[in-house]
């Protein structure tokens, strides 16, 4: 694990099937929590069991394409600087996608699947799975099929039971802890994205995309503050296009109860090297920009909730 030491011990939970007891996630929460913010990183896990790699058709290219490459390093530095709580998945997205619902699955990938109807129901989950990026990713553009063989129902059940459920249970409990202390809480679900286009010209591509499920996962003022913050820091930010957030926000956001959630996508060119494989010179600057965001939104969440409570 590449996180530097915090002033609080890490909680490790779940386990990665086939990885010799390697935990599925790592959580750090300072007590008492200095800000009502949890940063979550579901797609940067890099612990690949040998049995998983052996089944990959593209064991070098596919992991790099699926991972939010090294964005956990940004998140770790961000948490150290701001005091935000931090949960980082250790299981790779290739094994199970923590931003997908447990039924968001292409069931033809499972050799002895119990009958499921979601993939043919026409809902959003079914469309994602049919597109190749369901609960277990199936295919990628330019690479095609990712696996040499189908997995078994018992293998899928183990991934859900030991990775997906523990991660989301810990995430949800941490948000409740922050809400109990502060009266409100904010989840920043941190991802990274490939460049969406050239960064210069008449319509430069954004460095950030702020997703709020089209207003369903947080108060509108929080999204507006986030976009304004990035603009003030000299960065272009898009809102919900092309990434509005996914299962993490759907499951954990509850604005009526004071639990808000944003998905923040960071362009990989902003913190990685030119070939998007190792940390680049922009990493420290991106941490600084995001730290300012955490502080600004933390003040808003705590202040808004105190105002709401005083009015009751």
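One table, with the values for the structure above:
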{"quantity": "Segment 194-206 - residue that is surrounded by fewer than 21 Cβ atoms within 10 Å (Cβ to Cβ) and touching a helix residue (DSSP H, G or I) at 6+ places or on another chain (Cβ under 9 Å) and, of those, farthest from residue 260 (Cα to Cα)", "calculated": "199"}
{"quantity": "Wholly within segment 207-312, strands (runs of 3 or more DSSP E) carrying at least 2 residues that are touching a strand residue (DSSP E or B) at 6+ places or on another chain (Cβ under 8 Å) and surrounded by fewer than 21 Cβ atoms within 10 Å (Cβ to Cβ)", "calculated": "237-239"}
{"quantity": "Within segment 1-84, helices (runs of 4 or more DSSP H) holding 1 or more residues that are at pLDDT 95 or above, buried (at least 16 other Cβ atoms within 10 Å of the Cβ) and in contact with a strand residue (DSSP E or B) (Cβ under 8 Å, 6 or more places away or on another chain)", "calculated": "61-66, 71-82"}
{"quantity": "Unmet criterion (only one of (1) over 17 Å from the mean Cα position of the chain (by Cα); (2) at pLDDT 95 or above) for residue 219", "calculated": "(2)"}
{"quantity": "Search result, residues across segment 55-65 that are in contact (Cβ under 8 Å) with a residue 12 or more places away in the chain and either over 21 Å from the mean Cα position of the chain (by Cα) or closer than 21 Å to residue 150 by Cα (or both)", "calculated": "55, 56, 57, 58, 61, 62, 63, 65"}
{"quantity": "Every residue from segment 242-286 that is within 20 Å of residue 209 (Cβ to Cβ) and without any contact (Cβ under 8 Å) to a residue 24 or more places away in the chain", "calculated": "280, 282, 285"}
{"quantity": "Test: residue in segment 147-154 that is at pLDDT 95 or above, under 30 Å from residue 278 (Cα atoms), touching a helix residue (DSSP H, G or I) at 6+ places or on another chain (Cβ under 9 Å) and in a loop (DSSP other than H, G, I, E, B)", "calculated": "yes"}
{"quantity": "Selected residue (criterion: modelled with the lowest pLDDT) from residues of segment 118-140 that are touching a helix residue (DSSP H, G or I) at 6+ places or on another chain (Cβ under 9 Å) and in a loop (DSSP other than H, G, I, E, B)", "calculated": "133"}
{"quantity": "Yes/no for residue 98 being surrounded by 14 or more Cβ atoms within 10 Å (Cβ to Cβ), part of a loop (DSSP other than H, G, I, E, B) and either in contact with a strand residue (DSSP E or B) (Cβ under 7 Å, 6 or more places away or on another chain) or at pLDDT below 95 (or both)", "calculated": "yes"}
{"quantity": "Residue match in segment 166-185 (condition: outside any helix (DSSP H, G or I), under 12 Å from residue 259 (Cα atoms), in contact (Cβ under 8 Å) with a residue 24 or more places away in the chain and in contact with a strand residue (DSSP E or B) (Cβ under 6 Å, 6 or more places away or on another chain))", "calculated": "yes"}
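The values are calculated or read from the model by the stated rules, or taken from the named source; none is laboratory data. The shown structure was predicted, so the numbers you read here are calculated from the model rather than taken from an experiment. Note that we place each Cβ from the backbone using ideal geometry, even for glycine, and neighbour counts take in every protein chain shown.
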